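What follows is a short report on a single structure.
The values are calculated or read from the model by the stated rules, or taken from the named source; none is laboratory data. Nothing here was measured: the structure is a model prediction, and the numbers come from that model. Here the Cβ is made from the backbone with ideal geometry for all residues, glycine too, and neighbour counts use every protein chain on show.
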Amino acid sequence: MTIVAHRSHSAGLLIYRRRTGRLDVLLARPGGPWWRDRDAGAWQIPKGKIEPDEDPEAAAFREAQEELGVTLTGEAVALGIIKQAGGKRVAVWALERELDPATLRSNDFELEWPPKSGKIRTFPEIEEARWFALAEARSMILPSQRPLLDMLENWARSAR
């Protein structure tokens, strides 16, 4: 399948690994004050904006590398495009890779916090990454990204 993504879309990678009888997915809990103390329904795939003149699949790899702090290579599988709750469309590829979440290091972003305080604070873009079995991932992932788990599962079943 080929994904035709518009430049206004975001792009992301759903990183997975195979375990006996199941698939696990690597999900990330965003950093920053809005996501503090959130767990179920807050975990996401690494994703971000497609830059002008950037290939969408290359953007997915770049964003995942920036957010996880690792170099990722390999052949990714085009899963499709989802629409998030806020209306943003995200083009997503799946990549099989074994990663140790303890070694991942996110990039940072700056934010005025608290709002209108004049204080600029630095937060990690990703607070934590963790492997989830698909069944558990369904309750942990951002609800608008839940269809990605079905897409991955359907692809894996048909690829056998």
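Of P30, P52, P46, all but one fail to be over 22 Å from A133 (Cβ atoms) and touching a residue at least 24 places away in the same chain (Cβ under 8 Å); the exception is P52.
Inside segment 5-48, can you point out the residues that are within 18 Å of L148 (Cβ to Cβ) and not in a strand (DSSP E or B)? Step through it out loud before you land on a result.
Of segment 5-48, the ones within 18 Å of L148 (Cβ to Cβ) are 5, 9-18, 22-30, 40-48.
The answer is A5, H9, A40, G41, A42, I45, P46.
When R105, R130 are screened for being of a type outside the set (G, A, S) and in contact with a Pro (Cβ under 6 Å, 6 or more places away or on another chain), only R130 passes.
Can you tell me which residue is surrounded by the most Cβ atoms within 10 Å (Cβ to Cβ) among those in segment 118-149 that are in contact with an Asp or Glu (Cβ under 8 Å, 6 or more places away or on another chain) and among the basic types (K, R)? Step by step, filter segment 118-149, then rank; the result is R121. Just wondering, is there one or more residues in segment 100-123 that are closer than 11 Å to A11 by Cβ and either touching a helix residue (DSSP H, G or I) at 6+ places or on another chain (Cβ under 6 Å) or of a type in the set (D, E) (or both)? No, there is no match, as no residue in segment 100-123 is closer than 11 Å to A11 by Cβ and either touching a helix residue (DSSP H, G or I) at 6+ places or on another chain (Cβ under 6 Å) or of a type in the set (D, E) (or both). Each residue in segment 124-139 was checked for being within 14 Å of L14 (Cα to Cα) and touching a residue at least 60 places away in the same chain (Cβ under 8 Å), and 7 pass.
A quick yes/no check of all residues on (1) small (G, A, S); (2) modelled with pLDDT of 95 or more; (3) in contact with a strand residue (DSSP E or B) (Cβ under 6 Å, 6 or more places away or on another chain):
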{"position": "W43", "(1), (2), (3)": "no, yes, yes"}
{"position": "R62", "(1), (2), (3)": "no, yes, no"}
{"position": "V92", "(1), (2), (3)": "no, yes, yes"}
{"position": "P114", "(1), (2), (3)": "no, no, no"}
{"position": "L134", "(1), (2), (3)": "no, yes, yes"}
